[in-house]
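The values are calculated or read from the model by the stated rules, or taken from the named source; none is laboratory data. Please read these numbers as outputs of a predicted model, since none were measured by experiment. Ideal geometry is used to build each Cβ from the backbone, glycine not excepted, and the neighbour counts take in all protein chains shown. Quick note on the areas: whole protein, heavy atoms, side chains included, nothing else; ligands and nucleic acids left out. Shrake-Rupley method; radii C 1.70, N 1.55, O 1.52, S 1.80 Å.
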Amino acid sequence: MGVAEDSEPPLKRVKGPLEESKSLPEDHSTTISVSCSLGDQMARPLTSQGDGETIGSQGVIRKAEFIKIITRALYSLGYDKSGALLEEESGIPLHSSVVNLFMGQVTNGKWDDSVVTLRTIGLSDEIMKSASFLILEQKFLELLKMEKVAAALDTLRNEIVPLHVNLDRVHKLASCIISPSQCIRLGISGQDTEGTKSGSKILEKLQKLLPAAIMIPEKRLEHLVERALDVQREACVFHNTSDSDLSLYSDHQCGKNQIPSQTLQVKENGQVLLKHTLCGHQKPVLIVSWSPDDSQILTCGQDEVIRRWDVSSGECLHVYEKTGVGLISCGWFPDGRGIFAGMTDKSICLWDLDGRDLECWKGQRTLRISDMAITDDGKRIISVCRESAILLLDREAKFDRLIEEVDMITSFSLSKDNKFLLVNLMNQEIHLWSIEGDPKLISEYKGHKRTRFVIRSCFGGLDQSFIASGSEDSQVYIWHRCSGELLLALPGHSGAVNCVSWNPGNLHMLASASDDGTIRIWGLDRFNLKGGEQSNGSNHQCNGRS
């Protein structure tokens, strides 16, 4: 069986086992301790082959492992000659001779031989039994398919059962003898027992089970490089570019020029044409809400009714009201097929578009329903229910939770993934809450000014990695969402900035509305973009958008 490493050059070896193993998964990176034995020595490179030698400036990369991972990548990419040449020139084989033999036997469906070889690799007893079970199970199923019931029963009784592993699975395999249809219920198809296909599938499963030092994981190099890029991306506080801009040629680092900071347009009073004047409310209008398809809007009068309007014609399509109760807030279902509303009697009601009641909920801890939102799946309704508390209502579980704040809440914003809530407070703070499970305060953002007016904030940028807010000092403030670091304060307005909105389709565009009567559209600082900071050795552009 060959105790020492192959003496034959890799270029002259049979490539069958290596080629068949190219579809192995990439996520098995945990090395399991292996008992020291003769087989263990066969499965490891000799010290003379660079096992103890390290490379890199910090001396933490083992040369043998590094070369094996490169060799594995070459084979995975289809460069078999280059992989074999690297093995030969370095003197470091990808796998030991015994592992190559084992892989070839599994691929070719030589189940008995592969079990014998498996015992010489030097695995722990637990891993060896689990790996043997996988192989012998496949042998059992193939015998059943060939209608060799006696041989299959012998394999089950005398080879699989003595392993004393996965007893529940053993019982299910036994039922396959009595009822072949049981194999289908076990998720075993006819293709799973066909020649080299079955061998390749078993090899994939063994790859996840055996230590990485024994069988080098498929695409391990790609996994390491992706992790390195992830670390660089996470460390870049100004990161606001797509992954296609990342490069392996240099370390990734965005500059401030990736955040919208330059005024592209100023829309002043008089630049917008009046299309319709919507009349009908008898009291001040508190809420205006666009439908998901932008074809209709809802308006809510103070303690009055909700009206649904057609945007094109200006016609009032429906009036929603409840006898003896005023409505004070409203919003659309995510699919646009219904609406929800907050009532003066502390209840939340849902209607279809024709005004039929769908659901009504009234909380014991609610004082007044004001600002509202609904998650994209329609399962949770979020509302400010009193001055310093937000209600999270689970419609399916009929259960509610509260976010208790330290000061009066002025507004809130729901993240795109429906997992986080951005809450603006009277005390000039913005709080980020996780609303998955029990509500949890994640971050706080400070620096903007708020003394008299309602100031609204928003999520924005790539993966909503930034927080933007208006301010009464006429500036727009931008923080890094995770670190809470204030990145930019953008001057330009001459009055309080009441509201900001980050363009969901353009990472580099932001809008702000101010008491100075203007709306400013912010984009990239093109002057600094051309001549200043760079990322990955190349200047970033605005994704073709203006």
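Net charge around D113, counting only other residues with Cβ within less than 14 Å of its Cβ (Lys, Arg = +1; Asp, Glu = -1)?
+1
Carbon and sulfur together cover what percent of the accessible area of the range 264-527 at a 1.4 Å probe radius?
Percent of accessible area from carbon and sulfur atoms in the range 264-527: 49.
May I ask you to evaluate 6.51 cos²θ - 1.76 cosθ + 1.60, the Karplus curve with θ = phi - 60°, for each residue of the range 381-388 and list the ³J(HN,Hα) values in order in whole Hz, giving x for glycine and proline?
The phi angles translate into 10, 10, 8, 6, 10, 7, 3, 10 Hz.
Treating cross-link reach as a plain straight distance, find the lysines whose alpha-carbon is under 22 Å from the alpha-carbon of K81, omitting any fewer than eight places away in the same chain.
K81 reaches K12, K15, K22, K63, K68, K219.
So if the hydrodynamic radius of the range 199-254 is defined as the Kirkwood radius over C-alpha pairs, what does Stokes-Einstein give as its diffusion coefficient at 4 °C and 1.567 mPa s, in µm² per second?
It diffuses with D of about 95 µm²/s by this estimate.
Determine which lysines satisfy two conditions relative to K129: a Cα distance under 16 Å, and not lying fewer than 8 residues away in the same chain.
The qualifying lysines are K139, K205, K208.
Would you mind getting the accessible area per residue of the range 264-527, heavy atoms of the protein chains only, 1.4 Å probe, in Å²?
Heavy-atom SASA per residue in the range 264-527 reads 47 Å².
Excluding S469 itself, what net charge comes from residues whose Cβ is under 13 Å from its Cβ, given Lys and Arg +1 and Asp and Glu -1?
Charge balance in the 13 Å sphere: +1.
Give me the Kirkwood hydrodynamic radius of the range 264-527, using the inverse of the mean 1/r over all pairs of distinct Cα atoms, in Å to one decimal.
19.5 Å
According to a simple spin-label model (label point 7 Å from Cα along Cα-to-Cβ), what is the distance in nm between L163 and D357?
6.2 nm
Taking amide H positions as placed 1.01 Å from N in the peptide plane, with prolines and chain starts having none, which residues 5 or more places from T54, or on another chain, fall under 5 Å of its amide H?
Here K63 satisfy the definition.
Taking amide H atoms as placed 1.01 Å from N in the peptide plane, list the residues 5 or more away in sequence, or in a different chain, whose amide H sits under 5 Å from that of I374.
Result for I374 returns I382.
Go through the range 69-75 residue by residue and turn each phi into a ³J(HN,Hα) via Karplus (6.51, -1.76, 1.60, θ = phi - 60°); whole Hz please, and just put x for glycine and proline.
Once rounded to whole Hz, the list reads 5, 5, 4, 4, 5, 4, 4.
With θ set to phi - 60°, apply the Karplus curve 6.51 cos²θ - 1.76 cosθ + 1.60 along the range 350-355 and write out the HN-Hα couplings as whole Hz, x wherever there is a Gly or Pro.
Karplus-based 3J(HN,Hα) across the range 350-355 equals 10, 10, 7, 5, 8, x Hz.
Compute the distance in nm between two label points, each set 7 Å from the Cα along the Cα-to-Cβ direction, one at V319 and one at Y79.
The two pseudo-label positions are separated by 7.5 nm.
How many nm separate the modelled label positions at D251 and A151, each set 7 Å beyond the Cα in the direction of the Cβ?
The two pseudo-label positions are separated by 6.2 nm.
Express in whole angstrom the spacing between the alpha-carbon centres of the range 374-404 and the range 80-97.
Taking the Cα centre of the range 80-97 as reference, the centre of the range 374-404 is 61 Å away.
Quick one: net charge of G492's neighbours, Cβ under 10 Å, K/R +1, D/E -1?
Around G492, the charge tally is 0.
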